[in-house]
Structure formats: C-alpha cells, structure tokens
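For reference, the structure is listed below as structure tokens.
The values are calculated or read from the model by the stated rules, or taken from the named source; none is laboratory data. All figures in this text were calculated on a predicted structure; none of them were measured in a lab. Cβ atoms come from the backbone with ideal geometry, glycine included; neighbour counts cover every protein chain shown. These accessible areas exclude ligands, DNA and RNA; they are computed on the full protein's heavy atoms, side chains included. Shrake-Rupley method; radii C 1.70, N 1.55, O 1.52, S 1.80 Å.
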Amino acid sequence: MSDIIRLLPDSVANQIAAGEVVQRPASAVKELLENTIDAGATDIKLIIRESGKLLIQVTDNGCGMSERDARMCFERHATSKIQSANDLLSIRTLGFRGEALASIASIAQVELKSKRFEDEVGTCILIDGTEVKEQFPVNCQNGTSVSVKNLFFNVPARRNFLKSNALELKYIIEEFFRVALVHPDIAFTFYNQDKILFQVSPGNLKQRITSLFGSSYGQRLIPVEQQTALVNISGFIGKPEFAKKTRGEQYFFTNGRFMKSAYLHHAVEGAFKELIPDDSVPSYFIYMEVDPQTIDVNIHPTKTEINFQDIKSIYAILHAAVKQSIGKFNLSPSLDFEVEQSMHYKPVPEDQPIRQPTITVNPDYNPFEKKTEPQTHFTFPSKPPAPIQGWQNLYTPSQPASRPDNREEYRHPGTGLHGMDQGSHKEEEPAERKRSFQVRGSFLVTHTQSGIIVIDQQQAHERILYERFMNREPAEAFPGQHQLIPQTITLSPGNSQFMLEWLDYFRELGFDINDLGKGTFVVQSIPMNLDVSGIGPMIESMLESLKAPGNDNKNTQKQLMAKSLAMKLSVKRGRKLHQEEIDSLIENLFACKVPEMSPDGKPTMVIYSFDELYRKFKI
Ligand code: ADP
Ligand code: MG
C-alpha cells in the first residue's frame with residue numbers, strides 16, 4: 001500500500017490555525033489593534049460594519065512596512081518580533097507568534113496598505129482567502145491600514161456560529177477596551193456603522209477610564225499602588241459601594257497585556273470581603289509589571305492566560321495592596337480623588353495601623369421595596385374582587401387544574417400591571433369559600449374542596465406577572481406611569497447596544513425610554529408601581545439577563561426579560577398583605593396557565609389533600 005500521510009497545503013493549515021486565533025470578529029480586532037501597538041502607533045482608528053462581519057478596518061500611524069514585509073506578513077510564522085526560542089523569554093511586544101495575519105487572510109478578503117516614513121510610496125496588497133490577488137504601489141499615509149472584509153466567507157460553519165450583531169459588537173467593544181485601557185497615551189477612534197462610538201484622546205489612566213466608562217467613574221475609583229522587587233502594581237479599584245452584581249469591569253493587565261486570572265481575581269475579591277454583598281463583584285483596573293523572564297504568555301494562542309513563576313507571592317502582594325487602598329480610602333473618604341496626580345491621598349502614618357474598613361451591608365436591603373409599612377407594591381381594587389363562581393374547584397390535586405372559560409377577565413392589561421384587576425362581580429358567595437389568610441407575612445393559606453393549599457406569595461406573584469408580560473398581545477402595551485422628573489441612566493457600552501435593540505420591547509412593558517446617545521438614556525415613564533429609585537439597576541439586570549450563553553433566540557430573550565421584570569416587581573416575602581390582596585393574588589394565580597410553578601421553576605404552592613390529612617390523623 002502506498003504512503004498515506006501528506007503535508008496539508010498552507011491554505012488549509014492556515015485555516016486550521018485561524019480556528020484557534022480568530023473565533024469571531026472581536027478576535028480579529030484584537031490582533032489588528034495589537035499589531036498597531038507593536039508598530040508604535042500613537043493614533044489608531046477602528047472602523048467596523050455589521051459588528052465586524054462585513055468589515056473590520058484598522059488604521060494606524062505606526063512604523064509601516066516595506067514592500068517585501070507587506071507581502072511577508074501574511075506568511076505563517078512570519079514575525080519581526082522574535083528570532084529564536086530564547087527571545088520568548090524577553091517578550092515586550094504583544095504579538096510574537098507570527099500567525100495572526102496569516103490566519104485572518106485565510107478566512108477573509110484582506111486589503112493591506114502600508115508605508116514607512118522613509119519610503120516615497122506605499123504598498124497595497126489584496127488577498128482573498130490566502131491567495132494574493134494583486135499587489136501594487138499606492139500613495140498612502142505613513143503607517144498601516146488593514147481592511148478585513150467578509151470574515152469567514154469561505155468557512156460557512158464558522159460564519160453560522162456568529163452571534164447577533166449586538167453580542168458580537170459587545171465582544172469587539174470589550175477587546176477595544178482591553179487595548180485602550182493599557183495605552184492612555186494613544187488616541188483611539190472607534191467607528192461603528194459610520195458613527196463614532198468612542199473617541200479617546202491621550203491622557204492619564206483615570207481620564208481614559210472615565211472617557212470609556214462614563215464620567216461618573218471619576219468618583220468611583222480608588223488608586224492602588226505597590227512597588228516590590230517581584231511585581232509593580234498600579235491602577236484603580238472601584239469603591240465598595242459601586243460593586244455590581246454582574247461581572248465585566250474586572251481588568252488585569254500584565255506587562256501591557258490583558259490577562260484573565262481567576263486566582264488573582266480571588267485575591268482582589270478577598271480584600272473586599274465583608275464590604276460588599278456576597279453576590280457582588282468589585283470593579284478593578286489593575287496593572288502589573290513583572291520581569292518578562294518570570295512569566296510565560298505562550299500558553300494559549302489568544303495569549304490571555306499567563307503563567308507566573310511565583311503566583312503565590314503575587315497573590316499575597318496584590319491582596320495586601322488592594323486592602324491597603326480600601327483602608328486608606330476609608331480613613332479619608334471625603335478626599336476628592338478627582339484631584340489629579342500628586343495629591344492622591346494622605347499616606348497613613350507608619351506607626352498607625354491600617355484600620356479595617358467597616359461598612360455594614362444589610363443583606364435584606366432591597367432597593368425596590370418601599371420603606372413604610374403597610375404600603376404595598378401593587379395596586380388592588382378598591383372593592384375586594386368578587387370570587388369566581390366555582391372557584392373552589394379550580395385546583396384539585398388529583399385532576400389537572402381546570403380554569404374558568406372566562407379567564408380573559410383576569411387579564412385586562414389596562415387595569416393594572418400587577419394582576420390585581422377586578423374580577424367579574426358575581427353576587428353569590430360560594431358556600432364553601434372561606435377567607436384565606438396570610439401566615440408569617442409570606443405564605444397564603446387557602447383551601448379547596450379537596451385539600452388545603454399553602455402558597456408562597458412571592459413566587460406566586462412572579463408567576464402571575466410573568467404570564468401577564470408573556471401573554472400580552474404584541475400591539476398591546478402595558479400602561480406606564482409618567483415620571484414628573486425624567487431620570488437619566490447611563491449604561492455600560494455593551495448594555496446600551498442591547499438597550500437600543502430592545503427599546504421597543506421596553507416600551508411594550510410600560511417603560512418609555514429615549515436614547516440620548518453615548519450610552520445615556522432618559523426614562524420618561526416606568527411600569528406602574530415600580531419604585532423609581534431602582535430603575536437603573538433594574539434595567540441593567542434585565543439587559544444582563546439577555547447575555548447568558550445560548551440566549552440568541554428572540555422569544556427566549558423576551559422570556560428572560562419578562563422573568564427578570566416579574567421577579568423584580570413581585571410582592572416580596574415578609575410583606576403584610578391586605579385581605580383583598582390575598583384574595584386577588586390567589587384568584588389570579590389560579591387563572592394562570594401554569595399556576596404551580598414560578599417562572600424560575602420553583603413551586604408556587606404546596607397542597608395537602610384531605611385524603612392525606614385523613615391518613616395522617618388515622619381517621
Ligand atoms: P505577530 O504580531 O505575532 O508578529 P502578525 O501576523 O500579527 O504576527 O504580524 C506579522 C508581522 O507583520 C509583524 O511581526 C509585523 O512585523 C508586521 N505587521 C503587522 N501589522 C503591522 C502594522 N500595523 N504595522 C507595522 N507592521 C505590522
Ligand atoms: Mg500580531
């Protein structure tokens with residue numbers, strides 16, 4: 001038999017390598033931006049269309065390439081940055097593997113224009129899936145411009161795996177941040193669909209953070225600084241009170257490279273212990289400088305993981321540095337950190353121990369709860385809702401729940417968001433019906449012909465609201481309550497993209513929100529009975545709910561938003577209810593399609609059948 005092993009053609013090898021380096025438009029953006037930094041650029045433009053699926057263009061004013069280099073750079077393992085394995089020990093550049101451009105060129109149509117300062121003319125090269133189509137001299141600016149068009153045009157499987165434009169854009173913004181945050185001295189302009197999404201001019205790190213994340217960050221940051229023989233740490237941490245429930249603003253950079261590290265995250269998080277609620281994550285922008293000989297960045301093609309020789313010591317130093325910063329901030333909390341540079345904070349006298357920061361966190365704090373009892377979250381009819389005829393038969397444990405045919409009457413969307421509409425007014429009180437009551441401010445007890453039912457008021461109300469939001473006719477909007485003083489909210493760049501996509505749906509839910517640009521939105525009206533103070537976090541958490549992996553389907557996303565809103569608006573455990581509210585809640589629960597379960601999949605009720613009770617009492 002003849003030999004069967006053969007070498008793959010370069011085009012195939014490059015496509016395979018591309019699978020590792022370029023998974024999505026954001027990975028190409030990362031590689032192209034990193035090349036501009038390595039080229040010493042001071043002014044960088046990023047232009048994308050269709051979230052990079054159609055076009056990614058990166059233009060820089062860096063060193064440029066000679067005619068030969070412009071051709072060579074698309075070869076695999078072609079790099080100007082290292083020459084031997086020894087050089088791997090002293091890497092100062094972001095790139096060194098020489099495979100990014102080769103990979104990108106194998107899965108896209110690429111146009112490169114480059115000119116060195118010393119050359120008269122530049123070079124233009126057109127490449128189509130590895131194949132060089134054309135190369136000719138051009139008049140162009142000093143520096144390099146790479147356009148990547150139709151990413152994955154020849155790899156449909158990959159193209160089909162791409163997510164929605166909003167999500168892909170979010171990934172790109174993230175990569176852009178990771179580069180822009182390390183180089184506050186470089187100007188960046190980021191265009192999305194011909195509009196400027198970010199434009200940041202050279203400045204200090206704090207200015208860079210605020211120009212990317214919003215001016216409110218100026219007041220949120222505490223500086224961190226620690227110089228040791230092993231590592232120099234600098235940067236900022238977010239004040240404990242600004243810790244968020246969602247991840248996203250946690251940045252570690254080592255020698256100018258963004259890095260992921262669960263282990264070091266733990267070191268920072270640990271320093272915030274007791275200061276922030278368990279389910280919140282502190283923000284941080286931490287920059288570490290170490291001797292390149294003591295780390296290995298070549299573990300993964302995307303180079304976001306780094307091996308440290310002495311990670312344990314770095315953990316301890318980082319933990320102490322963050323703790324110390326929090327402590328200093330706590331000693332002089334009124335100090336304005338807006339005042340730049342020289343007067344960051346008063347150093348703690350050597351002989352004075354760092355006071356442990358103490359901020360008490362109330363675990364029961366709920367921004368959506370009104371403070372005064374016995375106010376309730378939700379409206380209820382002035383008259384108690386009349387019972388449904390045959391209501392006692394609505395739920396029997398042995399049979400599937402039967403519900404009244406006239407169920408529609410429980411879903412008048414115009415009469416209140418919270419499922420407390422008035423039912424039909426039937427005069428006769430069914431003989432069997434007894435008053436239901438509340439126990440421990442949390443459970444509702446009632447009974448039917450076949451047994452006793454204990455209902456968890458919170459989970460039951462979540463179910464009612466959820467079905468309200470989901471069963472709404474598309475054109476039928478929930479009534480909103482107009483805000484006398486409209487509130488503005490500023491969303492993170494990723495979330496504001498989602499917001500723009502979902503504005504109409506928010507309107508259907510009773511929010512009237514308008515885009516003011518740059519991630520700022522004005523909230524004109526909000527769903528009835530929603531506590532005004534919790535708007536910002538509530539909207540953020542609704543948008544965050546869209547981001548869980550695998551939630552690309554519009555309907556699933558609507559379910560997630562409806563669930564998130566229902567859970568926020570629901571009456572909480574511990575809230576004393578009026579009799580009318582108790583009755584109304586129970587009736588509306590049984591009018592649901594799936595009364596047994598909360599949208600989160602937890603039971604809304606427990607049923608003790610009379611048969612079971614007879615057995616227990618040995619009757
Ligand atoms: P690496 O960055 O790992 O060296 P790349 O494939 O990203 O590999 O780039 C290959 C080479 O092309 C680089 O080593 C560099 O010499 C050159 N190059 C790429 N982009 C630029 C740029 N924007 N300006 C100047 N030279 C560049
Ligand atoms: Mg590179």
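Quick look at the numbers
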quantity: Every residue from segment 211-239 that is assigned to a strand (DSSP E or B), within 28 Å of the chain's Cα centre (by Cα) and among the polar types (S, T, N, Q); calculated: SER234
quantity: Output for segment 88-114, where each listed residue is more than 8 Å from ligand 1 (Cβ to nearest atom), among the small types (Gly, Ala, Ser) and modelled with pLDDT of 80 or more; calculated: ALA105, SER106, ALA108
quantity: Residue within segment 456-467 that is open to solvent by 60 Å² or more (accessible area, probe 1.4 Å) and either within 40 Å of the chain's Cα centre (by Cα) or at pLDDT below 85 (or both) present; calculated: no
quantity: Qualifying positions in segment 56-94 - farther than 27 Å from VAL138 by Cα and either within 10 Å of ligand 2 (Cβ to nearest atom) or touching a residue at least 12 places away in the same chain (Cβ under 8 Å) (or both); calculated: ILE82, LEU88, LEU89, SER90, ILE91, ARG92, THR93, LEU94
quantity: Selection from segment 27-39 of residues that are buried (at least 24 other Cβ atoms within 10 Å of the Cβ) and more than 11 Å from ligand 1 (Cβ to nearest atom); calculated: VAL29
quantity: Of residues in segment 96-146 being small (Gly, Ala, Ser) and open to solvent by 10 Å² or more (accessible area, probe 1.4 Å), the one nearest to ligand 2 (Cβ to nearest atom); calculated: ALA100
quantity: Candidates LEU205, LEU221, LEU167, LEU162 - the one that is under 20 Å from PHE253 (Cα atoms) and at pLDDT below 95; calculated: LEU221
quantity: Qualifying residue in segment 597-605 (condition: at pLDDT below 85, surrounded by fewer than 20 Cβ atoms within 10 Å (Cβ to Cβ) and either closer than 21 Å to LEU500 by Cβ or among the acidic types (Asp, Glu) (or both)); calculated: yes
quantity: Every residue from segment 62-87 that is part of a loop (DSSP other than H, G, I, E, B), surrounded by 20 or more Cβ atoms within 10 Å (Cβ to Cβ) and more than 7 Å from ligand 1 (Cβ to nearest atom); calculated: PHE74
quantity: Sole exception among (1) open to solvent by 20 Å² or more (accessible area, probe 1.4 Å); (2) near ligand 1 (Cβ under 10 Å from one of its atoms); (3) within 36 Å of the chain's Cα centre (by Cα); (4) of a type in the set (A, V, I, L, M, F, W, C) for VAL58, by number; calculated: (1)
quantity: Members of segment 227-243 that are in contact (Cβ under 8 Å) with a residue 60 or more places away in the chain and either more than 20 Å from GLN293 (Cα to Cα) or open to solvent by less than 30 Å² (accessible area, probe 1.4 Å) (or both); calculated: VAL231, ILE233, ILE237, LYS239, PRO240, GLU241
quantity: Pair list, Cβ < 6 Å and 6+ apart or interchain, from segment 20-49 residues that are farther than 13 Å from ALA108 by Cβ and part of a helix (DSSP H, G or I) to residues that are polar (S, T, N, Q) and within 12 Å of ligand 1 (Cβ to nearest atom); calculated: ASP38/THR93
quantity: Selection count where residues are free of Cβ contacts under 8 Å to residues at least 12 places away in the same chain and within 16 Å of ligand 1 (Cβ to nearest atom), scope segment 1-19; calculated: 1
quantity: Members of segment 256-312 found to be open to solvent by 20 Å² or more (accessible area, probe 1.4 Å), among the basic types (Lys, Arg), outside any helix (DSSP H, G or I) and more than 17 Å from SER325 (Cα to Cα), listed by number; calculated: LYS260
quantity: Selection within segment 25-36 - more than 9 Å from ligand 2 (Cβ to nearest atom) and out of contact with any helix residue (DSSP H, G or I) (no Cβ under 6 Å at 6 or more places or on another chain); calculated: SER27, THR36
quantity: Residues of segment 563-604 classified as free of Cβ contacts under 8 Å to residues at least 12 places away in the same chain and of a type in the set (A, V, I, L, M), total; calculated: 0
quantity: Filtered residues of segment 147-179 (kept if farther than 18 Å from GLU50 by Cα and either open to solvent by 30 Å² or more (accessible area, probe 1.4 Å) or within 16 Å of ligand 1 (Cβ to nearest atom) (or both)); calculated: ALA157, ARG178, VAL179
